[in-house]
1. So the check is Cβ under 6 Å with 6+ separation or different chains; which pairs have a first residue in region B:246-257 that's within 13 Å of B:GLY279 (Cβ to Cβ) and a second one that's in a loop (DSSP other than H, G, I, E, B) and not basic (Lys, Arg)?
2. Can you work out which of the residues in region B:40-78 that are assigned to a loop (DSSP other than H, G, I, E, B), among the hydrophobic types (A, V, I, L, M, F, W, C) and within 14 Å of chain A (Cβ to nearest Cβ) is nearest to the chain's Cα centre (by Cα)?
3. Please determine, by comparing only the residues of region B:109-122 that are among the small types (Gly, Ala, Ser) and assigned to a helix (DSSP H, G or I), which one is farthest from B:LEU140 (Cα to Cα).
4. Select from region B:79-92 the residues that are at the interface with chain A (Cβ under 7 Å from one of its Cβ atoms), under 14 Å from B:LEU54 (Cα atoms) and not hydrophobic (A, V, I, L, M, F, W, C) and list them in ascending order.
5. Hey, among the residues in region A:166-181 that are β-branched (Val, Ile, Thr) and more than 8 Å from every other protein chain (Cβ to nearest Cβ), which one's farthest from A:ARG154 (Cα to Cα)?
6. Yes or no: region B:128-135 includes at least one residue that is within 28 Å of B:GLY59 (Cα to Cα) and surrounded by fewer than 24 Cβ atoms within 10 Å (Cβ to Cβ).
7. Looking at B:PHE106, B:PHE95, which one is touching a residue at least 24 places away in the same chain (Cβ under 8 Å), in a loop (DSSP other than H, G, I, E, B), within 14 Å of chain A (Cβ to nearest Cβ) and not acidic (Asp, Glu)?
8. One residue is enough: does region B:34-50 have a residue meeting the conditions out of contact with any strand residue (DSSP E or B) (no Cβ under 9 Å at 6 or more places or on another chain), hydroxyl-bearing (Ser, Thr, Tyr) and on the phi > 0 side of the Ramachandran plot?
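What follows is calculated from the coordinates using simple rules that are stated; it is not laboratory data. All values derive from a computational prediction rather than experimental measurement. Quick reminder, even Gly has a Cβ in these numbers, built from the backbone with ideal geometry, and neighbours come from all protein chains shown.
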Amino acid sequence: MKFSLGKWLLPTYVTLAFIFTMIPIAYTFVFSFNKVEKSNIAWKEFTFDNWLNMCDQPVVCEAFGNSLAIAVISTLISTALGTAIAIALGRYKFKGRSATNLLLFLPMATPEVVMGAGLAAQFLNVGISKGFWTIVVAHVMFTLSFVVVTVKARVATLDPRLEEAGRDLYANASSVFWRITFPLLLPGIMAAAMLSFALSFDDFIITQFNSGPETTFPKFVYTAAARGIPPEANVIGSLVFIVAIAIVMIVQVRASLKAKKLRA
Amino acid sequence: MATEFVARGQDLELVGIHKEFPGFTAIENLDLKIPAGEFFALLGPSGCGKTTTLRIVAGLDEASRGKVLIGGKDVTASKPHERPVNTVFQSYALFPHMSVLENVAFGLRQRKVADPLAKATEALQLVELEHLALRKPQQLSGGQQQRVALARALVNRPALLLLDEPLGALDLKLRRQMQVELKAIQMEVGLTFLHVTHDQEEAMDMADTVAVMNKGEIEQMGAPEALYDRPKTAFVARFLGQSNIFVGDVVEENDHSISISCNGQRIAAPKKRSEKHSGKVALGVRPEKATFHADKPDLDSNHNLVGPGEIIDIRFTGVSNQYLIDVPGFGDITVFAQNVGKSPVVELGAHVWVSWKVEHAFGLSDLPLKADNDEA
């Protein structure tokens, strides 16, 4: 029989890679239904208790709430700032434009340990006590570049003649922005916001340096892992995963419906 | 916000417009007056400054010097949204995130006009697209998008409508059809149209007045018939239709005509159709005004006759044949002959004489450039 790369090797490789990536997620999901006495490492018995009482261990939900709040606030700030920067870089020529472009890549290229430690030192220098808001500042700092890069790609595809047409049709500068530029950039802005949220929500290293006594979900899981992660953490992890998948699926289905409608 | 909007067109006046971009001058010095209600075409090759002129009128570009007046009012310092001007863009620039109807209603909404959707629907009826009002622009064909762009501009009843090669993206048949419709709409609404194009047929077909622009300046302006019949510069003679141009020193000048000597043969043109009467002069004639003869004809002094020359190319274009005749000392002469069965049957390589009436010749104010010659 003739050996066919496409027929056997590729599907086998893809399946293996897929299983390898999915195992930890499946593990987390399955063990969120485990009845736990001391530690959640060995399977005991199936139960819905963890899902029904996920805030029984108050620390888990508090940490989760903190992470959520930090992610939302830092995403709002970095998306607004990043969008403005992206439009400026994409549309206008100004002094220091290429330097700004280059500097924006630095936070993405710098190891998180370095950024986290550096920022912590600055907070110490100016005497700001670490807590919720220092985490927000840190997260805005490192998510901003990702927002700029994502939105800038969208700005590049935006035909400047559409804005000119708006100006020609009696729209002043703010109307042109809100009725034309913003709606057309919205898909890019949304993608940037989701990316920023995800990065902020699961950041550990930079947060560890700048959080002080404040607990976030990744921080809690890391600390708890030493003693065995409580099943409530599995529940929240699974929940986040399910919500993320659901959002992606809804977006995909809506896009394909829209495409179908356009073809009709 | 612009407050005055009129049902009829207004006149446009450009005074000493000069536009400098980093590294080059787009418009040298432009003076132009377009009367209210006229269909005016600005014709020129790409890069001649015609689109820049349009953008300066719309306010999308600022002139380095000079003034723009619309209806006698100086709008040089006004923002685009403050000018009673609307543009139909070359790429249409329809808003992809709005329905056709919302696109058309956009300008009305910005000006807070009452009942924008009803008025937008009316404008769509004018371009016969009301049945597509709820579609998105990308669901329409090129011709339909072009009409939406037109409706979106017209609905505002601007004092001046600017058209930036709006038919350039359409195929030939659709283009001719849209030309007829556009002209009909302009007559119907009575607005002033400023149409920018590089298509000379389009300009001549639609416009009341055509201004031929070259290298940032207007070379000649007038009714299409007048421009075609009597071009005054070599550029106009060649850009607007084709021309045979001959250069020589003036050897005779009387009350009615001037004659130049070209390689020993004389060519004459009426004095009143000539810009220059002495020195080195270029005379021209349109290819369809010239005829050729298999034998040397016996013609009176009202005709120019050159030859013999050799036919080096014959092109069949449907309604006419185009002959390229190489006459020693004159270069290549183009002759168009209608396919009505009257032309002599000739073959490639045949030797013929070319003649045309003196009254059809025209004298230019300048001499053709070498580059123009190569192009022609």
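1. B:VAL247/B:LEU367; B:VAL250/B:SER278; B:GLU253/B:HIS277
2. Pass one, region B:40-78, residues assigned to a loop (DSSP other than H, G, I, E, B): B:44-49, B:59-64, B:71-72, B:75-78.
Keeping just the survivors that are among the hydrophobic types (A, V, I, L, M, F, W, C) gives B:48, B:60, B:63, B:75, B:77.
Those still in the list that are within 14 Å of chain A (Cβ to nearest Cβ) too: B:60, B:75.
Values: B:LEU60: 23, B:VAL75: 26 Å.
Among residues in region B:40-78 that are assigned to a loop (DSSP other than H, G, I, E, B), among the hydrophobic types (A, V, I, L, M, F, W, C) and within 14 Å of chain A (Cβ to nearest Cβ), the one nearest to the chain's Cα centre (by Cα) is B:LEU60.
3. First pass over region B:109-122, keeping only residues among the small types (Gly, Ala, Ser): B:114, B:118, B:120.
Checking which are assigned to a helix (DSSP H, G or I) leaves us with B:118, B:120.
Values: B:ALA118: 21, B:ALA120: 17 Å.
Among residues in region B:109-122 that are among the small types (Gly, Ala, Ser) and assigned to a helix (DSSP H, G or I), the one farthest from B:LEU140 (Cα to Cα) is B:ALA118.
4. B:PRO80, B:ASN86, B:THR87
5. Initially, region A:166-181 is screened for residues β-branched (Val, Ile, Thr), giving A:176, A:180-181.
Then keep just the ones that are more than 8 Å from every other protein chain (Cβ to nearest Cβ); that gives A:176, A:181.
Working: A:VAL176: 17, A:THR181: 11 Å.
Per the criteria, the residue is A:VAL176.
6. The answer is no; no qualifying residue exists.
7. Going through B:PHE106, B:PHE95 in turn, just one is touching a residue at least 24 places away in the same chain (Cβ under 8 Å), in a loop (DSSP other than H, G, I, E, B), within 14 Å of chain A (Cβ to nearest Cβ) and not acidic (Asp, Glu): B:PHE95.
8. no
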